[in-house]
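Please treat every number below as a calculation from the coordinates, not as lab data. This structure is a prediction, so every number in the text was calculated from the model and none was measured. So basically every Cβ, Gly included, is an ideal-geometry build from the backbone, and we count neighbours across all protein chains shown.
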Amino acid sequence: MGDFMDIQTMIMYLVLIVIAVVVAYFLYKVLKTAKNIAINIIIGFIVLIVGNWIVGSYITQYVSSAVPVKYDLMALIITALTGVFGALVLLILAIFGIQI
């Protein structure tokens, strides 16, 4: 009778398989979300750098109140936490002459 698993062992293996599938699904969702967040942050920094160059090079010629964004700790934290949206807000504020 050693060839067959008893019912408790089979149930334990089925429960472990279900738990493994659920954990794999949640890890996939979390890592997919983390990847999207990381991409948003990287693009946010690129937008901030390119937009700051545009503000400093071109917009200051036409808008007297425009100043480039200072790359200080606050601007970097805002961009790191909010990504592209935060970078755009910082650039819009810089065009109106408001520094954070």
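The table that follows gives values for the structure above.
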{"quantity": "Förster radius 41 Å - calculated FRET efficiency between ILE19 and LEU81, Cβ distance, rounded to 0.05", "calculated": "0.75"}
{"quantity": "Relative contact order, percent, the stretch 7-95 [alpha-carbon distance under 8 Å, six or more residues apart]", "calculated": "33"}
{"quantity": "Selected from LEU14, LEU73, LEU90 as most flexible by GNM, with the chain as the system and alpha-carbon contacts under 10 Å", "calculated": "LEU14"}
{"quantity": "Rounded to 10°, Cα long-axis angle of helix 84-95 versus longest principal axis of the chain", "calculated": "10"}
{"quantity": "In the stretch 62-100, the chymotrypsin sites (Phe, Trp or Tyr not before Pro) that fall in loop regions by DSSP, at most 14 other Cβ within 10 Å", "calculated": "TYR71, PHE96"}
{"quantity": "Helix 73-82 vs. the chain, principal-axis angle (Cα, 0 to 90°, nearest 10)", "calculated": "50"}
{"quantity": "Cα-projected label distance for LEU27 with THR60, points at 7 Å along beta-carbon direction, nm", "calculated": "5.0"}
{"quantity": "Per DSSP, loop trypsin sites (Lys or Arg not before Pro) in the chain with at most 15 further Cβ within 10 Å", "calculated": "LYS70"}
{"quantity": "Nearest-ten-degree value, helix 7-54 long axis tilted from longest Cα axis of the chain", "calculated": "10"}
{"quantity": "Most mobile of ILE43, ILE11, ILE77 in a GNM of the chain (Cα contacts under 10 Å)", "calculated": "ILE11"}
